[in-house]
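Written below as structure tokens is the structure these notes are about.
Throughout, read-outs are computed from the coordinates displayed, never taken from laboratory work. All values derive from a computational prediction rather than experimental measurement. With ideal geometry, Cβ positions are generated from the backbone for all residues, glycine too; neighbour counts draw on all protein chains shown.
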Amino acid sequence: MPADQIQYSEKYNDDKYEYRHVILPADLARHVPKTHLMSETEWRNLGVQQSPGWVHYMMHVPEPHVLLFRRPRTDILTNTRSTAFQREYQNHNYNVNGKNDLLIYDHDFVKINKNILMEIYITIFKT
């Protein structure tokens, strides 16, 4: 069963978020949408199992079988984050806009143009 072959990374974090990546087997990877980041329902339907609060926050185009997840760090969320931030994080919509462009957000939910992101990616990883 492909869900048994899903690999989960250890958790890692920065000052705001806890992260993990999930590696899907080829049978499941072909079901990952290319037009949008997945909702919790979508990634759970693929067989990904993790505690509530994780958000599929970014696509790594060269490796579409690797799903990148994050969630606010609970140790700082309860102390320093406002309820407005919590609400924005929990209700954030990762759909595509009317032009069918993928909306990508940085750590503070600022929209990033995907062309700029690709330029940054090329600059960082091709040098």
Amide H of residue 73 versus every other amide H placed in the peptide plane: which residues, excluding those fewer than 5 positions away on the same chain, fall under 5 Å? 17, 18
At a Förster distance of 25 Å, what's the computed FRET efficiency of residue 51 paired with residue 29, Cβ-Cβ distance as r, to 0.05? 0.65
Once phi is turned into θ = phi - 60°, what whole-Hz ³J(HN,Hα) does the Karplus curve with 6.51, -1.76 and 1.60 give for every residue of segment 11-23, x standing for Gly and Pro? 7, 9, 8, 10, 6, 10, 10, 9, 10, 7, 10, 10, 9
Using the Karplus curve 6.51 cos²θ - 1.76 cosθ + 1.60 with θ = phi - 60°, work out ³J(HN,Hα) for each residue of segment 36-52 in order, rounded to whole Hz, and write x for Gly and Pro. 7, 6, 7, 6, 4, 4, 5, 6, 5, 5, 6, x, 6, 10, 7, 5, x
Would you kindly state how much longer the chain becomes between residue 41 and residue 11 on full extension, computed as 0.36 nm times their sequence separation minus their alpha carbon distance, in nm to one decimal? 8.7 nm
